[in-house]
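The values are calculated or read from the model by the stated rules, or taken from the named source; none is laboratory data. What you see is a predicted model; the values in this text were computed from it and never measured. Cβ: placed from backbone, ideal geometry, glycine included. Neighbour counts: every protein chain shown.
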Amino acid sequence: MATRIAESADVDPSAEIGDGSSVWHLAQVREKAALGRGCVVGRGAYVGTGVRVGDNCKIQNYALVYEPAVLEDGVFVGPAAVLTNDTFPRAVNPDGSAKSAADWDAVGVTLREGCSVGARAVCVAPVTVGRWATVAAGAVVTRDVPDFALVVGVPARRIAWVGRAGVPLHDVGEGRWRCPRTGEQYVEEDGHLRETVQSTEDNS
């Protein structure tokens, strides 16, 4: 598959862009960043120095992914979402001198396989968003998000469970949950969800 890089995109020569990936107009991919296969970086998006992006990820228009973020396979980052990297941000030191890269330690956001971060959401590093979890549009994530959780609000809190298809799961009793679209089964234990029987049938 051919790699597509728009003429107006700014991709550093040291960045790695996987087969079949696209970097669109006015996007910037910094030094030593690495994108896997089949990724899409939308218009005006920013991928910071050394950021690692897995296969088949989508970083939508004007999203800001600051180093040292790690995105596993199949991650979605919505339009204008932000992954931060500075726990105690300041432009200057206490003596008034301008801060340099040596004056702070970058901390990253980790997005696990298949998770989604909605439009204009903010993930405040260091946090991890779990596998197949969903961060709602406009949410502010200040603590780790469990696998399969749907979180909303400021600060973000869990309001439901979602499956791999992204739709809310149905409570079938005794700590068991079912995806109405795929029929996948899940079990809730101690505030966490794990998969059980897998099915590709549509039992909605």
Exercise. Among the residues of region 135-154 satisfying the criterion of being of a type in the set (Val, Ile, Thr) and either surrounded by 20 or more Cβ atoms within 10 Å (Cβ to Cβ) or assigned by TED's automatic domain parsing to the domain that holds His192 (or both), which is nearest to the chain's Cα centre (by Cα)?
Worked result: Val135
Problem set entry | All positions within region 168-195 that are part of a loop (DSSP other than H, G, I, E, B) and either of a type outside the set (S, T, N, Q) or at pLDDT below 90 (or both) | Leu169, Glu174, Gly175, Cys179, Pro180, Arg181, Gly183, Glu184, Asp190, Gly191
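Give me the residue from region 13-35 that is of a type outside the set (A, V, I, L, M), under 22 Å from the mean Cα position of the chain (by Cα) and within 16 Å of Gly48 (Cα to Cα) and, out of that set, surrounded by the fewest Cβ atoms within 10 Å (Cβ to Cβ).
Taking the candidates together, the pick is Glu31.
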For this session: Looking only at region 89-100, decide whether some residue is crowded, with 20+ Cβ neighbours inside 10 Å and out of contact with any helix residue (DSSP H, G or I) (no Cβ under 6 Å at 6 or more places or on another chain).
Result: no
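For every residue, the table says whether it meets (1) assigned by TED's automatic domain parsing to the domain that holds Thr128; (2) farther than 19 Å from Ala133 by Cβ; (3) touching a Ser or Thr at 6+ places or on another chain (Cβ under 9 Å).
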residue	(1), (2), (3)
Ala9	yes, yes, no
Leu26	yes, yes, yes
Lys32	yes, yes, yes
Glu67	yes, yes, yes
Val75	yes, no, yes
